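Data block below; observations after.
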Amino acid sequence: MENNVVLTMRGIDKIFPGVQALNKVDFTLKKGEVHALMGENGAGKSTLIKVLTGVYQKEGGEIHIEGISHPLTNRSPEEAQKNGISTVYQEINLCPNISVAENIFVARQPRTRIGAVNWKKMNKDAEKALKKVGLDINVTKPLGEYSVAIQQMVAIARAIDVQCKVLILDEPTSSLDDSEVKKLFDVMNNLKASGVAIIFVTHFLEQVYEVCDAITVLRNGEFVGEYRIAELPRVQLVAKMLGHDVDDLSSLRKTSKEKNNIQNKDSILKATQLGKAGSIKPFDIEIKRGEVIGLTGLLGSGRSELARLLFCADKPEQGDIVFKAENLNAHAPIDSIKKGMAFLPEDRKEEGIIADLSVRENLMIALQARTGMFKLLPMSKQNELTEKFIKMLKIKTASPETLIKQLSGGNQQKVILGRWLITNPEFLILDEPTRGIDVGTKTEIQKLIVNLAEEGMTIMFISSEIEEMLRTVNRLCVLCDRQKIGELKNDNLSQHDVMTAIAGGV
Ligand SMILES: Nc1ncnc2c1ncn2[C@@H]1O[C@H](COP(=O)(O)OP(=O)(O)OP(=O)(O)O)[C@@H](O)[C@H]1O
Ligand SMILES: [Mg+2]
């Protein structure tokens with residue numbers, strides 16, 4: 001065996017009821033390399049990581065760390081840490097109720113001589129740890145008061161603050177914007193230079209090509225291959241992940257542009273001087289029926305806030321909304337839903353999945369709320385819709401009755417998207433709908449958005465990925481510093497045009 005190999009996993013098997021999540025998977029990690037683990041939603045990436053860290057017990061196979069075989073039957077996450085493995089899991093597993101500093105030092109608080117927690121030192125060390133990822137926040141505040149992006153950065157800061165040989169990052173960048181990703185990459189490159197090996201999971205291909213040295217591809221729980229980054233061009237990587245070639249996307253852009261002539265259509269929604277102090281400055285917006293309107297701006301620019309006011313997820317303090325030629329007069333989201341709106345929120349964990357309900361129940365919630373809680377949807381109807389959306393969104397689940405928490409992250413996201421599509425709304429707001437979704441399905445969802453709009457649905461689309469916005473929207477509304485600063489018609493707009501506008505130059 002080469003002596004620069006830190007970790008080998010051979011023939012790993014993992015079975016969940018009804019699913020062979022991993023089938024004889026191999027994985028080799030070398031010292032000082034960043035190794036991407038790639039595959040579609042449900043391919044087995046997170047499971048392989050959890051087998052390695054001892055969260056799951058494997059059914060078969062061997063794991064060697066620095067050439068030493070581990071008696072893996074009773075391995076626990078603590079033991080993994082002792083063996084020099086530090087992990088950022090896909091679902092942020094921090095505690096929102098305790099302070100940022102406590103989260104960073106959980107189970108390893110600095111102590112005073114008499115054994116009490118040394119708060120002063122802990123807070124100072126937490127600040128130092130956060131500085132390494134470029135974050136300067138009040139570490140004594142409860143973590144839950146911060147945005148998902150900041151929570152993600154805190155999880156990363158905690159993981160890299162622990163001395164480790166292997167650092168595992170499972171979709172650490174899903175909520176981050178470009179500048180934060182850049183900071184993370186700087187940190188990764190420094191760790192790499194000091195000999196740490198990094199396993200990196202992401203659905204952003206450009207990030208893989210920017211920071212990784214090697215790629216291992218999984219498909220359907222099976223090992224497809226291991227490649228050096230230089231020998232596997234993007235298209236080939238995607239083909240390996242999907243098991244077939246990818247569609248050409250240029251046609252999608254064309255359809256969306258062809259129907260750019262949306263101006264003479266009726267207006268479905270018109271907001272005038274809508275605003276809320278501390279959330280977003282008063283803005284006007286008019287949206288046409290059948291239009292796809294994008295909201296763009298940096299993280300914290302007010303994209304989600306604007307959408308939340310329209311839907312009444314947050315109550316506006318001023319201004320009014322006319323929806324379908326009537327005053328909307330909503331006091332809570334349920335009023336907006338009843339009038340034909342739907343809203344897929346950004347924060348899947350907080351506002352999305354109900355972990356202990358099945359896929360079917362999670363899919364039905366919004367429709368059930370709209371028809372009224374006392375008029376239970378007939379089971380035959382529920383089953384029919386569930387089947388239809390599982391197929392349409394390619395949700396990978398053992399059965400419709402499987403608990404949603406047993407699905408992979410990306411498949412949970414698809415269920416939440418399905419929940420709102422099922423209500424067949426007239427006005428649908430999608431806040432980062434493709435976050436955590438693999439490349440293949442992502443294109444399917446973009447196509448779906450364009451098709452639904454062609455059939456008359458009006459869609460508000462928020463995404464940090466400018467490229468996917470340009471493929472789908474008719475118009476872009478640009479935000480900066482919690483203020484709407486302009487609009488752009490999507491007439492051959494380039495990424496560069498949008499970036500300039502975001503920077504304040506509409
Ligand atoms: N706790 C569990 N119980 C039952 N099945 C599970 C459990 N965890 C994962 N699975 C199943 O194992 C398979 C692999 O899931 P995994 O989470 O490893 O996928 P992934 O590659 O990380 O996908 P994603 O990109 O969506 O995060 C899926 O079919 C999933 O439903
Ligand atoms: Mg995963």
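The values are calculated or read from the model by the stated rules, or taken from the named source; none is laboratory data. Quick caveat, the model's predicted, so the values are computed rather than measured. Cβ atoms come from the backbone with ideal geometry, glycine included; neighbour counts cover every protein chain shown.
Report whether or not Leu269 is assigned to a loop (DSSP other than H, G, I, E, B), in contact (Cβ under 8 Å) with a residue 60 or more places away in the chain and in the same structural domain as Gly456 (by TED's automatic domain parsing). No; evaluated as a whole, the condition is false for this residue. Just to verify a result, which residue in the stretch 464-493, among those that are touching a residue at least 24 places away in the same chain (Cβ under 8 Å), over 22 Å from the mean Cα position of the chain (by Cα) and assigned to a loop (DSSP other than H, G, I, E, B), is surrounded by the most Cβ atoms within 10 Å (Cβ to Cβ)? Once the filter is applied, the top-ranked residue is Asn474.
Please determine whether any residue of the stretch 65-72 is within 16 Å of ligand 1 (Cβ to nearest atom), part of a loop (DSSP other than H, G, I, E, B) and either in the same structural domain as Ile168 (by TED's automatic domain parsing) or surrounded by fewer than 22 Cβ atoms within 10 Å (Cβ to Cβ) (or both).
Looking for residues that are within 16 Å of ligand 1 (Cβ to nearest atom), part of a loop (DSSP other than H, G, I, E, B) and either in the same structural domain as Ile168 (by TED's automatic domain parsing) or surrounded by fewer than 22 Cβ atoms within 10 Å (Cβ to Cβ) (or both), one finds none in the stretch 65-72, hence no.
Per the conditions (1) at pLDDT 95 or above; (2) within 20 Å of the chain's Cα centre (by Cα); (3) not in a helix (DSSP H, G or I), the sole criterion not satisfied by Ile390 is (3).
Just the residues that are hydroxyl-bearing (Ser, Thr, Tyr) and surrounded by fewer than 22 Cβ atoms within 10 Å (Cβ to Cβ), please, taken from the stretch 17-46.
Thr28
Condition (residue is free of Cβ contacts under 8 Å to residues at least 60 places away in the same chain and either at positive phi or within 22 Å of the chain's Cα centre (by Cα) (or both)) applied to the stretch 336-344: is it met by at least one residue? The answer is no, given that none of the residues of the stretch 336-344 is free of Cβ contacts under 8 Å to residues at least 60 places away in the same chain and either at positive phi or within 22 Å of the chain's Cα centre (by Cα) (or both). Within the stretch 271-284, being more than 20 Å from Ser147 (Cα to Cα) and surrounded by 16 or more Cβ atoms within 10 Å (Cβ to Cβ) holds for Ala271, Leu274, Gly275, Pro282, Phe283.
Residues in the stretch 377-409 that are touching a residue at least 40 places away in the same chain (Cβ under 8 Å), under 16 Å from Glu40 (Cβ atoms) and within 16 Å of ligand 2 (Cβ to nearest atom): Lys394, Lys396, Leu407, Ser408, Gly409. Whenever a residue of the stretch 410-424 is within 16 Å of Leu367 (Cα to Cα), its partners that are of a type in the set (Phe, Trp, Tyr) and surrounded by fewer than 24 Cβ atoms within 10 Å (Cβ to Cβ), lying with C-beta atoms within less than 6 angstrom and at least six residues away or across chains, give the pairs Gly418/Phe389.
Screening the candidates Glu401, Glu384 for the property of being in a loop (DSSP other than H, G, I, E, B), among the acidic types (Asp, Glu), at pLDDT 95 or above and not assigned by TED's automatic domain parsing to the domain that holds Pro333 yields one hit, Glu401.
Checking the structure you have, find out if any residue of the stretch 62-85 is within 16 Å of ligand 2 (Cβ to nearest atom) and either in contact with a helix residue (DSSP H, G or I) (Cβ under 9 Å, 6 or more places away or on another chain) or on the phi < 0 side of the Ramachandran plot (or both).
No.
Of all residues in the stretch 171-204, those being within 27 Å of Thr441 (Cα to Cα), modelled with pLDDT of 90 or more and not in a loop (DSSP other than H, G, I, E, B) number 8.
A single entry from Ile49, Ile92 fulfils the requirement of being within 16 Å of ligand 2 (Cβ to nearest atom), closer than 22 Å to Asp177 by Cα and surrounded by 14 or more Cβ atoms within 10 Å (Cβ to Cβ): Ile92.
Of the residues making up the stretch 103-146, those that are under 28 Å from Asn190 (Cα atoms), small (Gly, Ala, Ser) and free of Cβ contacts under 8 Å to residues at least 40 places away in the same chain number 3. Scanning the stretch 1-33 for residues that are assigned to a strand (DSSP E or B), in contact with a Lys or Arg (Cβ under 6 Å, 6 or more places away or on another chain) and not acidic (Asp, Glu) yields Val5, Val6, Gly11, Ile12, Lys14, Ala21, Leu22. Residue count for the stretch 136-155 under the criterion of being at pLDDT 90 or above and over 21 Å from Thr87 (Cβ atoms): the result is 7. In the set (1) exposed (fewer than 13 other Cβ atoms within 10 Å of the Cβ); (2) assigned to a loop (DSSP other than H, G, I, E, B), the condition left unmet by Tyr56 is number (1). So Leu428 passes all but one of these: (1) at pLDDT below 95; (2) assigned to a strand (DSSP E or B). Which condition number does it fail? Tallying (1) at pLDDT below 95; (2) assigned to a strand (DSSP E or B), Leu428 fails exactly one: (1).
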